[in-house]
1. Could you check how many residues of the range 115-152 are more than 15 Å from LEU96 (Cβ to Cβ), touching a helix residue (DSSP H, G or I) at 6+ places or on another chain (Cβ under 7 Å) and either β-branched (Val, Ile, Thr) or in contact (Cβ under 8 Å) with a residue 60 or more places away in the chain (or both)?
2. How many of the residues in the range 106-122 are more than 16 Å from ALA59 (Cβ to Cβ) and buried (at least 16 other Cβ atoms within 10 Å of the Cβ)?
3. Only residues that are within 20 Å of the chain's Cα centre (by Cα) and part of a helix (DSSP H, G or I): list them for the range 4-20, please.
4. Name the pairs whose Cβ atoms lie under 6 Å apart, with the first residue in the range 17-38 and within 14 Å of ILE87 (Cα to Cα), the second buried (at least 19 other Cβ atoms within 10 Å of the Cβ) and of a type in the set (Asp, Glu), and 6 or more positions between them or separate chains?
5. Given the options ALA45, ALA63, ALA59, name the one that is in contact with a Lys or Arg (Cβ under 7 Å, 6 or more places away or on another chain) and closer than 21 Å to GLU5 by Cβ.
6. Count, please, the residues in the range 77-100 that happen to be in a helix (DSSP H, G or I) and without any contact (Cβ under 8 Å) to a residue 60 or more places away in the chain.
7. Quick one: LEU23 ticks every box in (1) out of contact with any helix residue (DSSP H, G or I) (no Cβ under 7 Å at 6 or more places or on another chain); (2) in a helix (DSSP H, G or I) except a single one, so which number is it?
8. Any idea how many residues of the range 131-151 are of a type outside the set (Val, Ile, Thr), closer than 20 Å to ALA183 by Cβ and buried (at least 20 other Cβ atoms within 10 Å of the Cβ)?
Amino acid sequence: MSAGETIAGVAAALGQTLAAGTLEQLAAYADLVVRWNRHANLTGARTAAEFAGKFIADALAVAPHVGGPLIADLGSGNGVPGVVLAILKPAHQVVLIEARSRRARFLEQVRIELGLANIAVVHDRIEHWQPPTRPDVVVCQAVGSLEFLLLATAALHSERCQLLALKGRAPALEVAALGAAAAACQVLRLAVPGWQERHLVIIDCGKLPRPIAGAGPVTAV
């Protein structure tokens, strides 16, 4: 089965219908990941179809929960979910923040080869990124605990901003460790083809206590 056929099947399982052009771009992205994998260590998947069936599926499941119009993908790595979101939401701007140079170069190549004008790649660490405009949504996976995410993104928080963190098992202990900030969290269980268990934590920054412990004063905009 090709990457395109895999993506179409996953989308159908999620109740989503993708346009032919969207399917083509997503399949081309999966091909790029596999081509670059030897140089940038992007994934354990060996084929584009395998990557699509697990990681693009993951991003498709998250997409309905992502607003905008300015989205930041922190620690973007191989581009999941940020590249997928940029393809699905062409009217939104997606910033991919990646500290590792090889992966940042890969993301820049994706932007160029797929003609994704709504993507910007930032080669920097999460906690050092200082955008001129705070994002409406910050999405991430595999960047650490929820506590780390709150502290590392403190300068990005605003009343309208949401933090979205992809997790495997339900992160009850991580949420409890946030103390008063736990009240700003919502945990959703996602039914993702190819995954045994997947959860999405949505943190409403407008409901967070001020200031975030250990981060200094944070002013909402």
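1. So the answer is 3.
2. Selection size over the range 106-122: 6.
3. ILE7, VAL10, ALA11
4. Cβ pairs passing all conditions: none.
5. Working: ALA63 fails: in contact with a Lys or Arg (Cβ under 7 Å, 6 or more places away or on another chain); ALA59 fails: in contact with a Lys or Arg (Cβ under 7 Å, 6 or more places away or on another chain).
On inspection, the qualifying residue turns out to be ALA45.
6. Kept after step one, since they are in a helix (DSSP H, G or I), are these residues of the range 77-100: 82-88.
Now drop any that are not without any contact (Cβ under 8 Å) to a residue 60 or more places away in the chain, which leaves 82-86.
Residues that pass the stated criteria total 5.
7. (1)
8. Residues in the range 131-151 being of a type outside the set (Val, Ile, Thr), closer than 20 Å to ALA183 by Cβ and buried (at least 20 other Cβ atoms within 10 Å of the Cβ): 3 in total.
The values are calculated or read from the model by the stated rules, or taken from the named source; none is laboratory data. Source: prediction; values computed, not measured. With ideal geometry, Cβ positions are generated from the backbone for all residues, glycine too; neighbour counts draw on all protein chains shown.
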